[in-house]
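Below: one structure, written as structure tokens.
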Amino acid sequence: MLSNEFASAAALLRDAERVVALTGAGISAESGVPTFRGEHGLWRQFRAEDLATPDAFARDPKLVWEWYDWRRGIIAGVSPNPGHATLAAWEKRFPGFELITQNVDGLHARAGSTRLAELHGNIWKVRCTKDETVSEDHFVPLKTIPPRCPQCGALLRPHIVWFGESLEPDVLDRAFSLSGACDVMLVIGTSALVHPAASLPYRAAASGAKIIEINPTTTPLTAEADIALQGKAGEILPAIDRLLRKESP
Ligand code: OAD
């Protein structure tokens with residue numbers, strides 16, 4: 001049964017010109033990065049209100065930065081997995097391939113993906129709270145907590161979209177227009193609960209795209225998906241890739 005579904009997914013992809021993948025924390029789970037809402041998810045151990053809101057940062061920037069510093073340490077110690085690698089390779093296989101991620105871990109870029117929209121920011125970027133300048137910072141651990149802008153001395157904050165904040169309009173516009181113009185959207189490793197990211201597959205479906213979901217558990221999107229592949233992204237994506245390579249060497 002599952003192998004039939006894999007073959008159907010491969011057939012949809014083979015016939016597609018424009019493929020978009022939307023990823024969430026689940027694609028990095030097999031690398032060892034904690035997800036947010038699963039059994040050991042971050043939001044089961046920590047309160048988002050204390051760590052991932054503008055109010056939390058205004059109240060206690062040190063606490064917020066200690067938490068991000070801890071997460072940066074985890075991410076620095078892991079590697080992209082075969083799921084990330086397959087999506088990076090598909091940039092070459094599908095001329096119109098585009099990747100939209102909710103992840104801030106930077107693992108897609110480390111795997112080699114270049115056509116990448118990071119909806120929620122990037123944990124390796126910092127932003128000056130005074131003039132909004134964004135720069136990269138790869139120190140693990142951070143040199144000082146909370147870090148300060150080397151130019152003006154103002155507090156730096158993580159370049160991450162927190163609860164209650166808007167996504168960057170350019171990135172969001174691009175994500176919506178890619179979603180509205182694709183033939184197939186792969187929705188991988190996301191609980192499909194956080195908007196506006198969770199709206200993108202509906203936008204794609206409304207424009208005629210086929211939806212392929214890859215996730216070990218069901219989500220609000222599962223019933224809407226044309227094909228729902230239950231399992232791990234790091235196993236399913238390479239399996240589909242093997243089928244595609246068999247079909248077109
Ligand atoms: P969640 O933690 O909400 O969901 C992770 C999903 O990945 C779940 O549906 C799991 O079943 C699935 N999953 C787990 N292991 C998997 C595997 N090996 N392969 C495929 N899927 C697997 O994470 P997101 O949906 O990404 O915001 O959460 C959305 C946003 O909520 C995040 O971007 C984050 C959070 O607050 C910010 O960081 C700004």
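Between residue 207 and residue 74, 0.36 nm times their residue separation minus their Cα-Cα distance comes to what? Don't skip to the end; give the middle numbers.
Values: separation 133, 0.36 × 133 = 47.88 nm, distance 3.87 nm.
Additional length available on full extension: 44.0 nm.
Measuring from label point to label point, each 7 Å out along Cα→Cβ, what is the residue 235 to residue 130 span in nm?
The two pseudo-label positions are separated by 5.3 nm.
Specify the angular offset, from 0 to 90 degrees and rounded to the nearest 10, of the alpha carbon long axis of helix 169-179 from the longest principal axis of the alpha carbons in the chain.
That works out to roughly 10 degrees.
Taking θ as phi - 60°, what are the ³J(HN,Hα) couplings along region 214-223 by the Karplus curve (6.51, -1.76, 1.60), each to the nearest whole Hz, with x for Gly and Pro?
In residue order, the calculated couplings are 10, 6, x, 10, 7, 9, x, 7, 3, 5 Hz.
Estimate the FRET efficiency between residue 143 and residue 49 by the formula 1/(1 + (r/R0)^6), using the beta-carbon distance for r and 35 Å for R0, to the nearest 0.05.
Values: r = 28 Å, r/R0 = 0.80.
The calculated FRET efficiency here is 0.80.
For a distance above 23 Å, tell me the whole-number percent of Cα pairs in the chain that qualify.
Working: 15439 of 30876 pairs.
Counting every Cα pair in the chain, those more than 23 Å apart make up 50 percent.
For every helix of n ≥ 4 consecutive DSSP H residues, a contribution of -39,500 (n - 2.57) applies; sum these over the chain, divide by its total residues, and give [θ] at 222 nm rounded to the nearest 500 deg cm²/dmol. Walk me through the numbers before you get to the answer.
Details: 11 runs with 97 residues, N = 249.
Helix-only estimate at 222 nm: -11000 deg cm²/dmol.
Between beta-carbons, use under 11 Å as the cut-off and find the net charge around residue 228, counting Lys and Arg +1, Asp and Glu -1.
Details: positive: none; negative: 5, 213, 224, 226.
Around residue 228, the surrounding residues sum to -4.
Under a cut-off of 27 Å between alpha-carbon atoms, report the lysines in cross-link reach of residue 130, not counting same-chain residues fewer than 8 places apart.
Here the lysines satisfying the reach criterion relative to residue 130 are 62, 143.
Compute from the Cα atoms of region 1-121 the Rg and the Dmax, the latter being the longest Cα-Cα distance, and quote both in angstrom.
17.1, 53
Could you give each residue of region 113-127 its phi-based ³J(HN,Hα) in whole Hz, using Karplus coefficients 6.51, -1.76, 1.60 with θ = phi - 60°, and x for Gly or Pro?
After applying 6.51 cos²θ - 1.76 cosθ + 1.60, I find 5, 10, 8, 9, 10, 9, 5, 9, x, 8, 6, 9, 10, 10, 10 Hz.
Compute the acute angle (0 to 90°) between the alpha-carbon long axis of helix 233-247 and the principal axis of greatest extent of the alpha-carbon atoms of the chain; round to the nearest 10°.
So the inclination is approximately 40 degrees.
Taking H as built 1.01 Å from N, whose amide H comes closer than 5 Å to the amide H of residue 186, not counting residues under 5 places away?
20, 21, 22, 212
Have a look at the DSSP beta bridges in the chain and tell me what percent are antiparallel, nearest 5. Can you show the working numbers first?
Details: 8 of 28 bridges.
Around 30 percent antiparallel, to the nearest 5.
Of the chain, which part is the longest with no trypsin sites (Lys or Arg not before Pro) in a loop (DSSP not H, G, I, E, B) and with at most 10 other C-beta atoms within 10 angstrom?
144-249
Ordered by residue, what ³J(HN,Hα) values in Hz, to whole numbers, does region 150-157 give under the Karplus form 6.51 cos²θ - 1.76 cosθ + 1.60, where θ = phi - 60° and Gly and Pro are x?
x, 7, 10, x, 5, 5, 9, 10
Against the longest principal axis of the chain, how steep is helix 2-14, in degrees 0 to 90 to the nearest 10, with axes from Cα atoms?
80
Build a GNM of the chain with springs between Cα atoms under 10 Å: which of 206, 233, 192 gets the top mean-square fluctuation?
206
Please work out the C-alpha center-to-center distance from region 136-180 to region 54-75 and express it in whole Å.
Between the Cα centre of region 136-180 and that of region 54-75, the gap is 12 Å.
Need the full-extension length gain, residue 163 to residue 11, defined as separation in residues times 0.36 nm minus the C-alpha distance. One decimal, nm. Present the calculation step by step, with values, prior to reporting the outcome.
Values: separation 152, 0.36 × 152 = 54.72 nm, distance 3.84 nm.
Between residue 163 and residue 11, full extension yields an extra 50.9 nm.
Run the paramagnetic zone check for residue 59: 7 angstrom along Cα to Cβ, then residues of region 154-185 with backbone nitrogen under 19 Å.
It comes to 157-158, 161-165, nothing else.
Laboratory data are not the source of any read-out in this text; all were calculated from the coordinates shown. Remember, predicted model here, so these are calculated numbers, not experimental data. When we count neighbours, we look across all protein chains shown, and the Cβ atoms used for this are built from the backbone with ideal geometry, even at glycine.
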